[in-house]
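The structure appears below as structure tokens.
The values are calculated or read from the model by the stated rules, or taken from the named source; none is laboratory data. Here the structure is a predicted model, which means the values were calculated and not measured. Here the Cβ is made from the backbone with ideal geometry for all residues, glycine too, and neighbour counts use every protein chain on show. What goes into the accessible areas is simple: the full protein's heavy atoms, side chains included, and nothing from ligands, DNA or RNA. Shrake-Rupley method; radii C 1.70, N 1.55, O 1.52, S 1.80 Å.
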Amino acid sequence: MRETQPPLTPGRCLTGAAISGSLGLAVFALTRAVVAVLTAHPIHSDNPLVLRLASVVRTALVGGGTLAVVVFGVFTVGLVALAVQVAWSPPDA
């Protein structure tokens, strides 16, 4: 059995874009807070392994947050573009 999907409308696209954009802004704020905490608390150690591991973890945290912001941003732009395309396309007869 095949389930039917609700019709694609500009309103649904813009709702998805609003959700994606708000999640992107939340992740952006979280990433900025993580960066602020990491810069305020430097690593104090004489062990080179500890310094390298701390650097890797910090880079992974900031890089992962940045990647998530970019992905949510691309989703948002894509959904807005899809809403414009659906709004300008002729209705199916």
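See the values below:
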| quantity | calculated |
| --- | --- |
| Residue check, Val27 in contact with a Cys (Cβ under 7 Å, 6 or more places away or on another chain) and open to solvent by less than 50 Å² (accessible area, probe 1.4 Å) | no |
| Tabulated pairs, the range 22-50, first in contact (Cβ under 8 Å) with a residue 40 or more places away in the chain and over 30 Å from Thr76 (Cα atoms), second open to solvent by less than 60 Å² (accessible area, probe 1.4 Å) and aromatic (Phe, Trp, Tyr), C-beta under 8 angstrom, 6+ apart or interchain | none |
| Candidates Leu61, Leu14 - the one that is open to solvent by 60 Å² or more (accessible area, probe 1.4 Å), without any contact (Cβ under 8 Å) to a residue 40 or more places away in the chain and in contact with a helix residue (DSSP H, G or I) (Cβ under 8 Å, 6 or more places away or on another chain) | Leu61 |
| Flag if Thr39 is over 28 Å from Gly16 (Cβ atoms), β-branched (Val, Ile, Thr) and either part of a helix (DSSP H, G or I) or modelled with pLDDT under 95 (or both) | yes |
| Which numbered condition Leu49 misses (of (1) in a helix (DSSP H, G or I); (2) surrounded by 11 or more Cβ atoms within 10 Å (Cβ to Cβ)) | (2) |
